[in-house]
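To keep things clear, I will list the structure first and then write my remarks on it.
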Amino acid sequence: MSVIVFVENWDGKFKKLSFELISYARQIADKSGSRVIALSIGTVEDDELHKLGNYGADKILKVEDERLNSLINKAYASVITQAAEKESSDTVLFSHNATGKALAPRVAVRLKAGAVTGVTEIPSSLDPFEVKKKVFTNKAFANVRVRSVKNVLTLFQNSVEIKETENNAEIEAFDAEIRDQDFKTRVLEVNKITGKVLLTDAEIVVSGGRGMKGPEKWQPLEDLAAELGAAIACSRPVSDEGWRPHEEHVGQTGKIIAPNLYFALGISGAIQHLGGVSSSKYIVAVNTDKDAPIFEAADYGIVGDVHKILPELTGEIKKMKDA
Amino acid sequence: MTSAIIFPIFVSFINLYTMNFEFSEEHKMIRQAARDYAQRELLKDVLERDAKAEIPWDHIKNLTELGFFGMMVSPEWGGGGMDTISYVLAMEELSKVDSATAVILSVHNSLVCWGVEKYGTPEQKEKFLRPMGSGEKIGAFLLSEPEAGSDATHQRTVAEDKGDYYLLNGTKNWISNANSGQIYIVIAQTHPEKGHHGINAFIVDKDTPGITLAPHEDKMGMRSSDTHSVMFSEAKVPRENRIGEDGFGFKFAMKALEGGRIGIAAQALGIAAGAMERAVQYSKERKAFGKYLSHHQAIAFKLADMGLKVENARNLILKSAWHKDNGLSYGTLSAMAKLYAADMAMEVTTEAVQILGGYGYVKEYHVERLMREAKLTQIYEGTSEIQKIIISREMLRD
Amino acid sequence: MKILVCISNVPDTTTKIRFTDDDTRFDTASVQWIINPWDELALTRALELKEGSGGSIEKVTVVNVGPKESEPTIRKALAIGADDAVRIDAEPLDAHVVAGELAGHIRNNPYDIVLCGIDSSDYNGSLVGGMLAELLDLPSVSSVSKLNIENDEITINREIDGGSEILSTETPFVAIVQKGIALEPRIPSMRGIMMARKKPLNVVEAAGAEPLTEFVRFELPPPKAACKMVDEENIRELVALLHNEAKVL
């Protein structure tokens, strides 16, 4: 028995969410008395792979094949399934991000495993397998029972604490069968945004709404984001108006995010917006309208004009950091 | 199995009692389509258009593509073939946000298209109704005059019978769609000695020589609906453009207004419902004396009164629309609907401004605009006083 | 070329979420039902592609796995412009059932492109598209934000963490689409609404796909503590709170 974790790498490096996944898997494995297997696809140095052991992986399978340099769902799902079968895994774990959402359903079908996505807690029971997940876009939770022997989960980010342990994990090269017919889609071009903090893994997100008053007025917000090392987001009207690219739209139909700190600047807080950000640990709202619904969802609020407040806020944070 | 036995009995009950308050799936879809367009598109720039009194050209184009212009015209003439209930639902939703745009639709649909479809010759329909059914051309209804607003019996605009054509001279006032419209229905006096039995209605192309428009009226509300005076000076109108028999014009106008009132009533309903929705929302978000406004009985009771009035108006309007759709007489009902809806819209919007207080008095919060717009529904297409004449006359008829 | 768009019938996104029967069931009383927002965008894109295809895309079909109650939502899709619709008569108990039923139908009625929304706004499964592709042994591309067809060549933009990729693919394939695929959903025209009932809506029997998961109990998040208001003249206090109290700075 084992819990197998697919750990994604970004240019050969793992991220916090990879370690969070391993920590989560460790807790399940401790409950069931099984092993945690980390599966890495792509080129990652052994030093980096060993880090996974520090969070509780017992063994690390690595698959290196240049055909797998970009994400091809079918081929990846095949490799992950082979690894899960080889390790007799009952649980296959993914992050609840774009990659996880692409692969989990395929692997679930291959393993005839019940799939639960967006889980937020350690399973409350292993037999029957029951786990809590988000439903209705952050507006509720559901406890889901899995009827099959095996299960496939995707973990909502920032759901569990990352625990470091002393585990000396072995690294094993896994020679999976990779079939050419699984590559009917081909990546022609990759456009990476560099030098920017990614919205989906940012600890702090600075987000602007219509109250920013126009696309040319984003500089103060960008200054704050730069000072904080934060990612930039926006509300739906702002992306609909074309003030900001739709990649930045957070909310029910945009990105669902869960940073530690979320700044809602000039965002009134429509229910659809809150659906996308209410998992943030802390929300700071700045709005001229003291009755704006965003203050119902926020932890800290300031009534006032964002353009007056933003430069001051950035200045104060800088002062605090310098102190 | 049980349901299989019960079902036929159930059906026969439905047949026995035809009264039904349920909207069809299509009705709901039309309402949603109008709501989506209003909330998504009209709302974006309605304040700006009101401030600048700009004609909503883009919206007219979009609403045409969506089929709202000509929605009740038979598909035979390129229209949507929808019933009056659908039209009421669309008018309400559009008017919640922007009744100035809605009135362009109302005049086009319920006065001009309806009039030509009901009383026009096949040739007139081919030439004028077809482009209006598809919304390619918009209609305007030219009845009011500087000295004959509500009293349509005393038309000063003259249509002199010249054999092959009529010669139009005179001035029409407060004409909605005078600029956006291309196809005019003009009411004018041909035989002054016969009083209102001498009046005729003509279909007139706006580009006819001798027609000039005065500048856009700077109005209190409905500012982006294009209202102008229209001057006729020796304007030649072909004889075949006359609607109905010689002298049918007054009756024609009155018949058209019977249906027009349903549109304006629905517009008033939308204005009131829009203001009420904003008042409800505001009272749930804003606190005074430590609790939400909605938790103050003085406000909650105001909202209850508003809700009652809006629902009353809606029922009356839908009933008159239902009568129209089912071939029953609806002139008195539509007068009641318009009278009630317009007066209640004035009351409800005034109360909405009151609930929003200082916010209600500034433009950003929309309700002051809705209040300005409500006022016009008590005035045009027959003032509230005229509606009372129509209603009481019918009640007192021997 | 034929396109299939899979649609779910979900509560309006402004619905107040309540549960009933000891929190074991979502309370559907007075809920307004809509096409799942991502599916609606997928449909919009499918129609745009058909209209721009010069006839090479002959048909856009929508399919739903659901009971009769979801037919108004299916007809809305027909009103928006789908050519015909299929309803597979089954309770959509979980993603395994939905994907299983869809796969059963598609095996007998092949399409060149199958579009699914990346998520559904009710149970947030994000599963059906991927499962469907796997069951049909088709390639899939997820997080699709653009989809173009030119001379039968398909190009796809896919969002990845930290950027985007352009892909090509062979048909048939499954595209799992997200925001960006179409600007905004279409509003049905009056003509479309009147035509909706005249278009075919074929009800097919369920193949009997089995669920592998079940919802045992629902719960609402605990109420949030009141917002601490900071005076706009005292930004320093906010920074101190974030640093000392929340410990996020």
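The values are calculated or read from the model by the stated rules, or taken from the named source; none is laboratory data. None of the values given here were measured: they were computed from a predicted structure. Every residue, glycine among them, receives a Cβ derived from its backbone with ideal geometry; neighbour counts consider all protein chains shown. What goes into the accessible areas is simple: the full protein's heavy atoms, side chains included, and nothing from ligands, DNA or RNA. Shrake-Rupley method; radii C 1.70, N 1.55, O 1.52, S 1.80 Å.
FRET efficiency for B:D58 and A:N168, Cβ-Cβ distance as r, R0 = 56 Å, nearest 0.05?
0.25
Give the relative contact order (percent, whole number) for segment A:273-323; include only Cα pairs under 8 Å separated by 6+ residues.
31
Please compute the per residue accessible area over chain B with all protein chains in place, 1.4 Å probe, rounded to a whole number of Å².
Ligands and nucleic acids excluded, the figure is 44 Å² per residue.
List the lysines whose Cα sits under 17 Å from the Cα of B:K236, skipping any in the same chain fewer than 8 residues away.
List returned: B:K162, B:K172, B:K206.
Using only DSSP helix segments of four residues or longer, with each worth -39500 (n - 2.57), what per-residue ellipticity at 222 nm results for chain A after dividing by its residue count and rounding to 500?
Dividing the helical sum by the residues of chain A leaves -9000 deg cm²/dmol.
Take every DSSP beta bridge with both residues inside chain A and express the antiparallel ones as a percent of the total, to the nearest 5.
So the antiparallel bridges amount to about 20 percent of the total.
Tell me, what are the semi-axes, in whole angstrom and largest first, of the equivalent ellipsoid of segment A:1-106 as set by the roots of 5 times the Cα gyration tensor eigenvalues?
Three semi-axes, in Å: 19, 16, 12.
Highest first, please rank the peptides B:32-38, B:201-207 by the mean number of other Cβ atoms sitting within 10 Å of their residues.
Packing proxy ranking, top to bottom: B:32-38, B:201-207.
For B:K319, go through the aspartates and glutamates and keep the ones whose alpha-carbon is under 16 Å away, minus same-chain ones fewer than eight residues off.
Candidates past the 8-residue exclusion: B:E22, B:D83, B:E92, B:E258, B:E311.
Need the list of aspartates and glutamates near A:K51 for cross-linking: C-alpha distance under 15 angstrom, and skip anything on the same chain fewer than eight residues off.
A:E8, A:E20, A:E164, A:E166, A:E170, A:E172
Taking beta carbons within 10 Å but only from partner chains, what does the mean come to for residues B:30-43?
Other-chain Cβ atoms within 10 Å of each residue's Cβ, averaged: 3.
Return the long-range amide H neighbours of C:V216 (sequence gap of 5 or more, or a different chain), with a cut-off of under 5 Å between placed amide H atoms.
It is A:N143, A:V144, A:R145, by chain and number.
Only bridges with both residues in the protein assembly as shown count here: give the DSSP antiparallel percent, nearest 5.
The antiparallel fraction comes to roughly 45 percent.
Accessible area per residue for chain A in Å², computed with a 1.4 Å probe and the full protein assembly in place, what is it?
Heavy-atom SASA per residue in chain A reads 38 Å².
Go through B:170-180, B:238-248 and give me the packing order, highest mean Cβ count within 10 Å leading.
So the peptides B:170-180, B:238-248, ranked by packing, come out B:170-180, B:238-248.
Among C:E69, C:E219, C:E134, which one moves the most in a GNM of chain C with springs linking Cα atoms closer than 10 Å?
C:E219
In the structure shown, do any of B:K125/B:K324; A:K150/A:K281; A:K255/B:K363; A:K74/C:K199; B:K255/B:K375; A:K74/A:K192 have a Cα-Cα gap over 30 Å, and if so which?
Cα-Cα > 30 Å for A:K150/A:K281; A:K255/B:K363; A:K74/C:K199; rest within.
Could you list, bin by bin from short to long, the percent of Cα-Cα pairs of segment C:1-145 in 10 Å steps?
That works out to 11, 43, 34, 10, 1, 0, in percent per bin.
What's the longest bit of chain A with no exposed GluC sites (Glu not before Pro), using DSSP loop states and at most 12 other Cβ atoms within 10 Å as the test?
A:178-323
Going by the alpha-carbon gyration tensor, a ≥ b ≥ c the square roots of its eigenvalues, is chain C rounded (a/c under 1.5) or, if a/c is not under 1.5, prolate (a/b greater than b/c) versus oblate?
Since a/c reaches 1.5 and a/b is larger than b/c, the shape of chain C is classed as prolate.
Can you show me the helix-derived [θ] at 222 nm for chain B, built from DSSP H runs with n ≥ 4 at -39,500 (n - 2.57) apiece and divided by the number of residues, rounded to the nearest 500.
That comes out to -16500 deg cm²/dmol.
No solvent, one uniform scatterer per C-alpha: report log10 I(q)/I(0) for the protein assembly as shown via the Debye equation at q = 0.09 1/Å, two decimals.
Relative scattering, expressed as log10 I(q)/I(0), comes to -1.04.
Test of understanding: in a Gaussian network model of chain A with alpha carbons linked when under 10 Å, which of A:G12, A:G276, A:G195 would top the mean-square fluctuation ranking?
For chain A, modelled as a Gaussian network with Cα springs under 10 Å, the answer is A:G195.
Taking a ≥ b ≥ c as the square roots of the Cα gyration tensor eigenvalues, with a/c under 1.5 meaning rounded and otherwise prolate when a/b beats b/c, else oblate, which class fits segment B:22-133?
Verdict is oblate for segment B:22-133.
Can you give the average number of partner chain beta-carbon atoms within 10 Å of each beta-carbon in peptide C:223-234, as a whole number?
5
Nearest 100 Å² is fine: what is the total accessible surface buried where chains C and A meet, probe 1.4 Å?
7500
Quick one: among B:E22, B:E93, B:E285, which has the greatest mean-square fluctuation in a GNM of chain B with alpha-carbon springs under 10 angstrom?
Looking only at B:E22, B:E93, B:E285, the biggest GNM fluctuation is shown by B:E22.
Please label the shape of segment A:199-322 as rounded, prolate or oblate, based on the square roots a ≥ b ≥ c of the eigenvalues of the alpha-carbon gyration tensor (a/c under 1.5 means rounded; beyond that, a/b larger than b/c means prolate, else oblate).
Note, shape of segment A:199-322 comes out rounded.
Calculated from DSSP H runs of 4 or more alone, at -39500 (n - 2.57) each and per residue, what is the 222 nm mean residue ellipticity of chain C, nearest 500?
Taken over chain C, the calculation gives -7000 deg cm²/dmol.
Step through the table entries A:K213/C:K16; A:K15/A:K321; C:K68/C:K198; B:K44/B:K96, compare each Cα-Cα distance with 20 Å, and write down the pairs that go over it.
Beyond 20 Å: A:K213/C:K16; A:K15/A:K321.
Within chain C, what percent of beta bridges assigned by DSSP are antiparallel, to the nearest 5?
Antiparallel: roughly 40 percent of the beta bridges in chain C.
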